[in-house]
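The values are calculated or read from the model by the stated rules, or taken from the named source; none is laboratory data. Predicted model, so just to flag it, every value in this text is computed and none were measured. Counting neighbours? That spans all protein chains shown, and the Cβs are built from the backbone with ideal geometry, glycine included.
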Amino acid sequence: MSGKYYLVKNPYKSLPSSSFWSKSVSLRDTALIDPIIETKFRFDKDMKIASAGSCFAQQLSSRLKEIGINYITKEPPHSLLNDSEAVLYNYNTYSARYGNIYTISQLKQLFQRAFNDSQYDSHILTSDNYFIDAYRPRIQPKGFSSREELELDRKIHYKAVRSVFEELDVFIFTLGLTEAWRSKLDNTTFPICPLVFSESLRQEDYFLHNFSMDEIERNLEEFIDLLSVVNKSAKIILTVSPVPLVATGFKNHVLVSNCNSKSLLRVTAGNISEKYSNVDYFPSFEIVNTIPGYFSNDLRTVTQKGIDHVMKVFMNHYLLIGSNDNTNGQPDENVKIDSYNNIFEEQCDELIYQNK
Amino acid sequence: MKVLFIGHSHLKVLNDCYRDNIIMNYIPDFVQCGFEQYKPNVKKSLLSSKKILNKNLRKKITDQSFYSVVSCIYGNGHNILGFFKNDEPFDFVIPGREDLPIDEDCVQVLFEIIKKRIYETLENFELLIRLINDSTSFKVYHLEPPPVIPSNEFIIKHSAERFKTYNNPIINSYICRQKIWILYSELMKKICDSNNVYYIKNPASVFDEDKKLLEEYWCETCTHGNSKYGLEVLKNVGEVLLSEKSI
């Protein structure tokens with residue numbers, strides 16, 4: 001025997017090109033890399049699309065609106081606000097004025113508060129005569145002018161959130177983080193540590209938590225179950241934000257913490273999408289992290305090219321043919337320019353930890 | 001003592017009620033800023049880019065025969081935002097005024113936004129009152145705008161003819177009109193305070209116990225006080241001037 005092995009049958013022989021890295025990634029024109037084989041569902045421009053998630057989700061929501069799909073917004077600004085004020089006060093950033101939602105725990109708790117129609121008066125921070133909503137602390141520049149205004153706004157907001165979840169056909173959620181600050185008193189999960197905003201708070205009332213894979217999966221499943229009660233036909237697209245952490249609150253190097261976080265989120269999203277027929281996984285994380293040039297010099301901000309590629313793949317696979325054009329068939333150049341500006345102005349709440 | 005009153009449309013009420021009544025402890029003179037010789041009230045200087053007062057207006061307010069100047073300019077500015085129902089009816093919360101009801105059927109607009117919009121309507125007021133105060137050596141007073149009429153039925157009855165050319169002229173709810181007037185008056189007072197102009201609030205006699213304008217002071221124009229209201233205001237001004245004089 002010469003010691004050589006002969007493969008009688010090559011189990012990879014019959015696999016498509018997409019199964020091979022060289023054929024579908026390294027030897028391919030990077031602009032043509034498309035990691036999706038098939039999606040579980042598609043939607044047309046009449047179906048109601050809603051979204052939420054971390055800072056990267058702002059990019060997606062902005063582009064989704066531009067491509068002319070029926071992106072629902074249930075908390076539009078009043079006409080007394082001009083365009084720049086509407087942006088400053090976070091109207092129309094997402095389907096309701098919830099601000100960035102970084103963890104699935106935060107999403108689930110928002111859902112619960114909205115449908116229990118409760119907790120208008122909890123977790124209200126005060127700073128410089130303004131009142132800050134700890135559930136969405138950067139929803140407006142300084143905060144609310146009075147406690148009454150904040151509580152009333154929450155009531156209106158929860159009504160909008162209920163409408164979003166009851167009416168949507170497809171919900172796109174961008175998973176961002178596993179680390180989050182929580183309340184020791186009631187386990188509320190916050191987008192930003194409340195201690196940042198109010199010196200009168202007690203440090204011992206809050207703790208930094210790194211959600212485990214079990215916790216993420218459990219929260220995600222609970223959210224899916226809750227959604228199915230109010231909206232039986234809702235479909236969900238999960239995606240993981242490729243944007244790395246600004247900072248980690250734990251002892252690891254941020255690069256290590258980031259990889260851990262994104263890995264947990266990616267695995268969970270994959271597991272859940274395999275388990276549920278109405279949940280699909282969209283690989284924006286893979287696209288941006290694999291192809292060179294899709295992060296800018298800070299190795300954190302996704303470039304215009306990266307977003308373009310993500311959206312192209314998204315539209316190719318999720319939109320029904322003919323529903324991804326503008327009404328006149330031509331891309332609106334003015335709208336595209338605005339979206340470029342949006343990239344540089346997206347609000348990433350985590351950056352506040354760098355500045356404090 | 002002679003007192004110079006300057007204003008826009010509200011001045012007519014004061015002027016008319018003075019003519020109909022014998023006043024008191026001072027002699028008013030009236031300058032209607034809308035008259036041709038006083039327009040524009042403010043213009044750019046030819047020598048510099050600074051804004052200056054109309055020369056006829058300036059001449060009047062620096063006339064040394066007067067004791068003081070009382071302004072009632074821009075008394076209707078709150079009606080720009082509040083008189084007609086917006087296409088999207090709105091309401092808002094005034095901090096510290098939780099006693100005021102909220103109309104939850106309306107779109108709630110953030111207080112900071114309403115404040116900004118009202119400040120925008122007061123930009124010209126701020127400029128004019130500052131120029132008036134800077135130009136004269138007299139103490140300058142400014143009158144609080146007349147309160148809003150609490151009855152939409154009254155307004156509709158008396159303004160149907162006047163507003164028939166307007167597109168969809170639905171009168172705003174009293175709650176909203178009242179709040180806008182409150183905020184407008186507060187911001188007007190802040191501007192006066194920052195310019196050392198003495199702000200004279202409406203006399204208490206024109207209000208009922210719920211702080212609504214008493215019916216006897218409602219004017220059929222619906223955006224001004226009537227002659228009886230004007231008389232109360234003039235009497236109140238007299239009392240203020242007398243108390244200031246005795247200090």
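Worth a mention:
- Looking only at segment A:129-146, and only at residues there that are over 13 Å from residue B:110 (Cα atoms) and either without any contact (Cβ under 8 Å) to a residue 40 or more places away in the chain or in a loop (DSSP other than H, G, I, E, B) (or both), the one that is farthest from the chain's Cα centre (by Cα): A:129
- Enumeration of residues in segment B:44-69 that are of a type in the set (A, V, I, L, M) and either within 25 Å of residue B:199 (Cβ to Cβ) or surrounded by 15 or more Cβ atoms within 10 Å (Cβ to Cβ) (or both): B:52, B:53, B:57, B:61, B:69
- Residue match in segment A:118-128 (condition: surrounded by fewer than 18 Cβ atoms within 10 Å (Cβ to Cβ), without any contact (Cβ under 8 Å) to a residue 60 or more places away in the chain and in contact with a Phe, Trp or Tyr (Cβ under 6 Å, 6 or more places away or on another chain)): no
- Looking only at segment A:147-178, and only at residues there that are assigned to a helix (DSSP H, G or I) and of a type in the set (Val, Ile, Thr), the one that is farthest from the other protein chains (Cβ to nearest Cβ): A:164
- Subset tally (residues that are more than 25 Å from residue A:44 (Cβ to Cβ) and either more than 14 Å from chain B (Cβ to nearest Cβ) or without any contact (Cβ under 8 Å) to a residue 40 or more places away in the chain (or both)) for segment A:90-103: 7
Residue-by-condition table, conditions (1) within 14 Å of another protein chain (Cβ to nearest Cβ); (2) crowded, with 18+ Cβ neighbours inside 10 Å; (3) without any contact (Cβ under 8 Å) to a residue 60 or more places away in the chain; (4) not charged (D, E, K, R):
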position: A:15; (1), (2), (3), (4): no, no, yes, yes
position: A:29; (1), (2), (3), (4): no, no, yes, no
position: A:68; (1), (2), (3), (4): no, no, no, yes
position: A:74; (1), (2), (3), (4): yes, yes, no, no
position: A:83; (1), (2), (3), (4): yes, no, yes, no
position: A:88; (1), (2), (3), (4): yes, no, yes, yes
position: A:105; (1), (2), (3), (4): no, yes, no, yes
position: A:111; (1), (2), (3), (4): no, yes, no, yes
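- Scanning segment A:94-109 for residues that are of a type in the set (Val, Ile, Thr) and closer than 10 Å to residue A:52 by Cβ yields a single hit, A:101.
To keep it simple, each residue is scored yes or no on (1) away from chain A (no Cβ under 14 Å); (2) under 28 Å from residue B:244 (Cβ atoms); (3) aliphatic (A, V, I, L, M).
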site: B:26; (1), (2), (3): yes, yes, no
site: B:33; (1), (2), (3): yes, yes, no
site: B:38; (1), (2), (3): yes, yes, no
site: B:56; (1), (2), (3): yes, yes, no
site: B:70; (1), (2), (3): yes, yes, yes
site: B:82; (1), (2), (3): no, no, no
site: B:89; (1), (2), (3): no, no, no
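- Residue-level check: of (1) within 14 Å of chain B (Cβ to nearest Cβ); (2) at negative phi, residue A:143 misses just (2).
- Taken over segment A:234-274, the criterion of being farther than 24 Å from residue A:295 by Cα, touching a residue at least 24 places away in the same chain (Cβ under 8 Å) and surrounded by fewer than 20 Cβ atoms within 10 Å (Cβ to Cβ) is satisfied by A:250, A:271, A:273.
- The residues in segment B:170-215 that are part of a loop (DSSP other than H, G, I, E, B) and in contact with a strand residue (DSSP E or B) (Cβ under 7 Å, 6 or more places away or on another chain) can be counted, and the count is 4.
- For residue B:145, the stated conditions hold: it is touching a residue at least 24 places away in the same chain (Cβ under 8 Å) and either within 30 Å of residue A:74 (Cα to Cα) or away from chain A (no Cβ under 12 Å) (or both).
- Segment B:101-121: number of residues that are under 23 Å from residue A:141 (Cα atoms) and away from chain A (no Cβ under 11 Å): 2
- Residue list for segment B:132-169, filter: at pLDDT 90 or above, of a type in the set (A, V, I, L, M) and in a loop (DSSP other than H, G, I, E, B): B:148, B:149
- On inspection, residue A:208 qualifies as more than 29 Å from residue A:45 (Cβ to Cβ), more than 14 Å from chain B (Cβ to nearest Cβ) and within 21 Å of the chain's Cα centre (by Cα).
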